[in-house]
Every structure is written in structure tokens, then in C-alpha cells.
1. Just to be sure I understand, how many residues within region 348-403 are away from ligand 2 (no atom under 16 Å from the Cβ), among the charged types (D, E, K, R) and out of contact with any helix residue (DSSP H, G or I) (no Cβ under 8 Å at 6 or more places or on another chain)?
2. Among the residues that make up region 94-106, is at least one of them in a loop (DSSP other than H, G, I, E, B) and either basic (Lys, Arg) or over 19 Å from residue 185 (Cα atoms) (or both)?
3. Any idea how many residues of region 152-189 are closer than 16 Å to residue 104 by Cα and of a type outside the set (Ser, Thr, Tyr)?
4. Which of (1) in contact with a Cys (Cβ under 7 Å, 6 or more places away or on another chain); (2) within 16 Å of ligand 1 (Cβ to nearest atom) is the odd one out, the single condition residue 59 does not satisfy?
5. Can you confirm whether residue 35 is within 29 Å of residue 448 (Cβ to Cβ), touching a helix residue (DSSP H, G or I) at 6+ places or on another chain (Cβ under 7 Å) and surrounded by fewer than 24 Cβ atoms within 10 Å (Cβ to Cβ)?
6. For region 391-412, give me the residue count where each residue is of a type outside the set (Gly, Ala, Ser), in a loop (DSSP other than H, G, I, E, B) and within 27 Å of the chain's Cα centre (by Cα).
7. Anything in region 25-51 that is in contact with a Ser or Thr (Cβ under 9 Å, 6 or more places away or on another chain) and not hydroxyl-bearing (Ser, Thr, Tyr)? List them, or say none.
8. Quick one: which of 63, 77, 29 is of a type outside the set (S, T, N, Q) and more than 19 Å from residue 202 (Cβ to Cβ)?
Amino acid sequence: MNTPSWLKDAVFYNIYPQSYYDTNGDGIGDLNGITEKLSYVQEMGFNAIWLNPFYDSPFRDAGYDVTDFYKVAPRYGTNEDFRRLCSEAKKRGIRVVIDLVAGHTSLECEWFQKSARPEKNEYTNRYIWTDSVWKKDGSKYISGYSDRDGCYQINFFYCQPSLNYGFYAPNPEKPWQLPTDHPDCIETKYELWRIMEFWIELGADGFRVDMASSVIKNDENSKGCIQFWQEFREKFDNKYPECVLISEWSYPEHAIEAGFHIDFLIHFNLAAYTSLFRYEKATNVNEAWLGNSYFRKEGNGDFQAFFKEYVDQYEKTKGKGYISIPSGNHDIPRLSFRRDDADMKAALAFVLTMPGIPFVYYGDEIAMRFQPDLPSKEGGYYRTGARTPMQWQSGKNFGFSKSNTPYLPVDPDFNTPTVENQQKDERSVLHFVKRLIALRHRHTALQADAAFTLCSENYPLIFERADEIENVVVAINPSDRTYSIDYDGADILLSENAYVESEKATLGSRGILIYRKQMNIAP
Ligand code: NOJ
Ligand code: CA
């Protein structure tokens with residue numbers, strides 16, 4: 001098995017294309033906008049980006065409902081713009097990873113339109129359809145869409161019909177449950193491979209696979225999905241060894257076995273992520289999502305709630321693949337929701353010093369705010385508040401767009417953080433993130449592969465990262481209390497509201513101390 005060599009020091013930046021930078025004044029961010037901002041991305045120290053979907057789409061789920069997998073949506077530009085983005089990124093040492101919505105399409109996709117016809121054709125089995133409009137096979141079936149006599153299965157919203165890669169354990173009494181080796185399911189898989197090759201040829205460095213654990217149906221222990229992706233990994237190892245496969249699975253043990261190089265630890269499957277940053281999942285986003293999460297100044301969280309699951313997954317995947325703990329993404333309230341800058345620094349210090357691969361969601365590097373009261377846009381619902389335009393500078397739309405009607409409103413508070421005002425302020429979150437990323441690049445002991453040892457129980461958080469060159473200690477106090485800890489450092493690499501006095505260090509409220517340990521050199 002091969003691991004792309006660049007991953008060990010990769011720091012990803014997750015860009016939501018529609019909200020990053022609009023170059024043609026239509027109010028929607030575009031690929032050329034991302035190309036224009038590559039110098040900023042590079043200056044921050046990010047050496048890889050993950051782009052949310054930019055494929056042609058009716059945008060009923062913000063582009064996770066694809067009409068044409070081979071075409072950039074006109075609102076974002078052209079395939080040629082994508083090629084240029086990749087080549088400009090390459091010049092700056094930035095890898096470009098794109099979203100691959102492997103499991104479903106939009107209703108408008110030509111394949112689905114053909115599949116929905118009553119007469120048999122080459123796309124009849126591209127999707128999963130029961131054999132009668134009166135027969136559903138569970139709650140995820142939609143009836144009455146077309147003259148085809150059957151109900152189609154969905155993966156997410158009603159407008160996202162599941163592609164048919166087959167069922168792991170087909171029920172013989174349900175003839176629509178095809179086995180994974182059915183020629184039509186194999187054809188769907190080949191199509192996916194063609195899509196991947198197409199974008200790699202244009203310059204993509206890999207994929208973040210949407211709902212990676214959903215491709216094979218009736219697959220209780222994910223055995224079918226694991227086999228499915230293993231085939232892709234083998235192809236990658238042979239043909240594209242420097243390209244990366246990243247999964248939205250949130251079960252690293254399964255995802256890494258499936259062949260993914262990186263799996264996100266996020267807000268579903270395991271509770272680990274939410275216990276750090278969000279804690280409770282609730283329908284009322286204003287009231288919840290914070291609870292007793294570990295990273296808040298009340299300091300009443302439980303690190304072990306995260307750690308028990310994390311260390312289990314870490315031990316099972318170590319040396320085979322990476323876990324990513326992202327700062328956030330387009331599906332959850334922003335990290336800054338009900339957190340001040342000091343809280344943000346503590347949380348980001350953690351994200352950027354853990355093993356595996358850090359991902360920073362656009363705007364989190366300036367502590368951009370969550371907008372909880374926005375009306376839903378393009379299937380966003382509460383997620384819309386985490387998807388608002390990037391704030392570049394003071395003035396109209398904070399520099400995002402010249403349009404009078406940006407596709408989502410910008411933060412109404414004129415005091416909101418912007419790149420411009422944070423660049424001017426040495427104490428800003430932006431400068432802090434930049435320093436941390438630079439530190440990670442400089443010290444291999446802070447990078448993906450270096451060992452990790454937890455040295456504390458709960459508050460403050462102390463852990464050690466080590467490789468054959470050095471041992472680095474990371475001490476983070478997410479709480480408002482003050483702690484005194486032992487100090488055995490040779491030199492301090494970063495300190496924020498922390499003081500060292502001979503063999504003791506004081507971590508003030510949200511204090512952070514990163515130092516290189518004294519090495520026991522034999523006399
Ligand atoms: C996960 C994506 O992150 C989310 O935004 C989307 O709505 C669903 N998958 C469906 O594709
Ligand atoms: Ca635009």
C-alpha cells in the first residue's frame with residue numbers, strides 16, 4: 001500500500017466555492033476567485049485545499065446533487081478555470097482535492113431521467129427502483145415521480161436518488177436488490193472511476209468522498225463498502241500514487257481498512273468529535289450544540305469522552321492511515337459559535353497539533369461567526385449559517401463580491417472579523433493560526449506520523465508528540481481557570497497567556513504552551 005508522500009506534512013484548508021470570492025460580480029463565489037486568493041492560502045501556510053462540490057447542479061443541496069459529473073457548474077466557471085486553478089495551485093505547492101459525490105445524483109441528471117422512463121434502457125438499473133409504485137423498501141423510497149412503475153431509493157434529500165452499486169446481502173424476495181457483481185452495478189462503478197480519472201487528468205490531487213459508507217446497500221458491518229473502496233485504493237496505488245482518498249465516514253477503523261488515506265472524525269457515528277466541540281446534537285441550533293463540550297471556558301467537559309474513542313481508533317489505524325479532526329465544515333455550526341477568540345485559539349491549537357491531518361474550514365482562521373438565524377438557502381437549513389461569504393476586508397460585502405445581492409448575506413455586524421483587520425493585529429486568531437501552521441511545518445514531531453502520548457486526565461490538556469528528532473509538549477488550558485504544571489522544556493515554541501518560571505509553568509485562562517523537551521543526553 002502506498003501513502004502519498006506529501007500527506008505527512010499536509011495542512012488542509014476547506015473552501016466552500018460559492019462563498020469564498022466572487023470575481024465576476026454575480027454574487028456567487030467562483031473558481032477564478034479561489035485562484036486569485038491562492039496567495040493568501042499559501043501565506044497562511046496551507047499546502048492543500050479541499051473544495052466542496054462545484055459540479056453542474058440544480059443546487060437543491062448546495063451542489064451535493066450533481067447533474068453532470070464532468071462539468072463545472074457555469075456559476076463557478078468552466079473546466080478550463082479548474083485546470084488553471086490546479087496549475088496555479090501546483091506552482092505554489094498547494095494540492096487540490098475535490099469533493100466526489102459518489103453515492104447519488106440530482107434528479108435532473110441525464111442518467112436518472114433515463115432511469116425514470118418506463119421502458120428498459122441502459123440506465124434502468126443505474127439507480128435503485130422497486131418493482132411497483134405501491135411498494136417501498138423502507139423509509140428512504142420516493143413514489144410517484146414518473147411513469148416508471150416503482151419507487152426510487154434516496155441517500156439524503158428526496159432529490160438525491162442513490163446510485164446503484166448493489167446490495168451486500170440482497171434479499172432474493174426483493175428482485176430490485178441487485179448483487180454488487182451484477183453487470184449494471186459494475187458499470188456504475190466503472191463510471192465512477194472514469195469521473196475520478198477525468199478530474200485527475202485536469203489536475204486534481206484526490207477526492208473527499210461524500211457519504212463514503214453509503215455506496216453499498218444492506219451492508220450492516222460495512223463489509224461491502226470496504227471491499228468496494230479497496231478496489232479504488234488498489235487502482236490509486238498503481239496509477240495515481242500521489243493522489244489522496246479522503247472519506248466522509250467518521251469511522252476511521254472501517255474507512256482506513258477500506259483504503260482511504262484519511263477519514264474525518266466528525267459529528268456522526270462516533271461521539272468523539274461532538275464531545276470536544278459541540279457535545280449535543282439538537283434540533284434547536286440556538287440552544288444546543290455546545291453543552292458541556294470540552295473546548296469552552298466553563299471547563300466542565302470531559303476529555304476522556306473524546307479520548308476513549310479516539311485512542312481506540314488511533315491505535316487501530318496507526319501506520320495505515322490518518323484521522324482528521326477538522327475545525328468545522330459546511331454541515332455544522334462554526335467553531336466560533338458562542339466561543340470568543342481565546343476559546344478559538346485553544347481549540348485551533350489542538351486541531352493543528354494532533355496526529356493525522358488537520359483541516360481548517362474557511363473563515364475559521366479569522367473566527368468568522370456562525371449566523372444562526374439565516375433562512376435556509378439551497379438545502380442548507382441550519383447549516384446555512386456556517387456557509388456565509390468569506391470576510392476579506394471592510395466595505396461592501398466585506399470584499400466578497402461587488403454584487404448588491406450576494407447569494408447569502410454577509411455578517412450584519414460591521415465589527416465582524418475580516419482578513420484585513422486580523423492581518424493588522426499581531427494578537428489575532430489569523431496570526432495565531434499562521435504561527436501554528438508554520439510551527440507544524442518546522443517540527444516533524446508535530447506532523448501526521450509522529451507519536452502521540454496523552455499526559456493529563458482532563459483539564460488542562462497536556463500531550464506529547466515525538467519522533468526520532470525531538471519531543472514536543474503541547475499544553476492547552478481550554479478553561480477559564482489557572483493551572484500550574486511541571487515544565488521540563490529546552491525551549492518554548494509558542495506561548496499564549498502562559499508563563500514559565502524555572503521548573504513550573506502557569507497556564508492562565510485559555511493558556512497555551514508548546515515547548516521542546518529537554519533530551520536526556522547520556523554523559
Ligand atoms: C454530506 C455533505 O457534507 C452534506 O453537505 C450533504 O448534504 C450530504 N452529504 C448529502 O450529499
Ligand atoms: Ca461569481
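The values are calculated or read from the model by the stated rules, or taken from the named source; none is laboratory data. Since this is a predicted model, take the numbers as computed values, not measurements. Glycine gets a Cβ as well: all are built from the backbone with ideal geometry, and neighbour counts include every protein chain shown.
1. The number of residues fulfilling the criteria is 2.
2. For region 94-106, residues in a loop (DSSP other than H, G, I, E, B) and either basic (Lys, Arg) or over 19 Å from residue 185 (Cα atoms) (or both): present.
3. 17
4. Tallying (1) in contact with a Cys (Cβ under 7 Å, 6 or more places away or on another chain); (2) within 16 Å of ligand 1 (Cβ to nearest atom), residue 59 fails exactly one: (1).
5. Criteria met by residue 35.
6. Residues that pass the stated criteria total 11.
7. Listed by number, the residues that qualify are 25, 26, 27, 28, 29, 30, 31, 32, 33, 36.
8. Matching residue, one of 63, 77, 29: 29.
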